Amino acid sequence: MMTLILTIIAIIGFIGTLPQFWGYSWKDVYRYALQGSVPWDTVHEATLKLLQKITTLGFNPTVVVGIGRGGILAAGLLCSEITRSKLIVQSRQADTPHVPALRIGTMNTKVIFKSQVDEKSGRQRSLVDRIDVEEIDCTIQPEDRVLLILAQNFTGATLEKAVSLIVARGVLRENVVTAALFWQKPRLEQHHIPDAHEPDMFGMILAPTKTMPWKSKDVSTNRV
């Protein structure tokens, strides 16, 4: 009997420590699988993949603009990796003419919701109708190369609006690159979500049900 008890304890202990082999805890597993929150390690991985694509493209932005609160976080993470990789120097004065100085800007967004009756439960629920984009908060020159970044791209409508604002400042369209840490493609049954703009580059493709680690699932702006 004692052997059986010790065996059960050992098995429970092994299961309890199993996620640690991958650097996670059971809390992380629960948040990712059930709550739908993406671990911060995955956010970092997506940032590095996006940086690699920017490097491969050879696009050296002079301004990185984060769209919305998630975009502001994504822009900060990406700028840190850009300067760490020495793709762009951190100081305002570049050491060499071909290495531009880097500025960071933000575009605030306003989420507009609409009510809809759930066919199964009959309850009212709020869905995202659209996201309005406000003006950029930093100086943009016609000669700038602008990287627009979102944390999550669903339809691309927000990116499309942001591009229009930048082009209206006199920047050539070919000098504007759109990016997303995560491209969350709608499911087939989400036919009510139209496609507007595909990001020029993205870090990772993610299921539309997943939420960023800085969000609460109850107040998420995901298109689900």
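Of the helices (runs of 4 or more DSSP H) entirely within the stretch 1-78, those holding at least 2 residues that are at pLDDT 90 or above occupy 40-57. Out of all the residues in the stretch 195-204, is one or more part of a loop (DSSP other than H, G, I, E, B), at pLDDT 80 or above and either exposed (fewer than 13 other Cβ atoms within 10 Å of the Cβ) or touching a Gly at 6+ places or on another chain (Cβ under 8 Å) (or both)? Checked against the condition, which is being part of a loop (DSSP other than H, G, I, E, B), at pLDDT 80 or above and either exposed (fewer than 13 other Cβ atoms within 10 Å of the Cβ) or touching a Gly at 6+ places or on another chain (Cβ under 8 Å) (or both), the stretch 195-204 yields at least one hit. Could you tell me which of the residues Ser115, Ser91, Ser126 is touching a Phe, Trp or Tyr at 6+ places or on another chain (Cβ under 7 Å), farther than 19 Å from Leu206 by Cβ and modelled with pLDDT under 90? It is Ser126. Residue-level check: of (1) modelled with pLDDT under 95; (2) surrounded by 22 or more Cβ atoms within 10 Å (Cβ to Cβ), Leu165 misses just (2).
With respect to the conditions (1) in contact with a helix residue (DSSP H, G or I) (Cβ under 6 Å, 6 or more places away or on another chain); (2) modelled with pLDDT under 65, Lys86 lacks only one, and its number is (1).
The values are calculated or read from the model by the stated rules, or taken from the named source; none is laboratory data. Predicted model only: the values in this text are computed from it and were never measured. We place every Cβ from the backbone using ideal geometry, glycine too, and count neighbours over all the protein chains shown.
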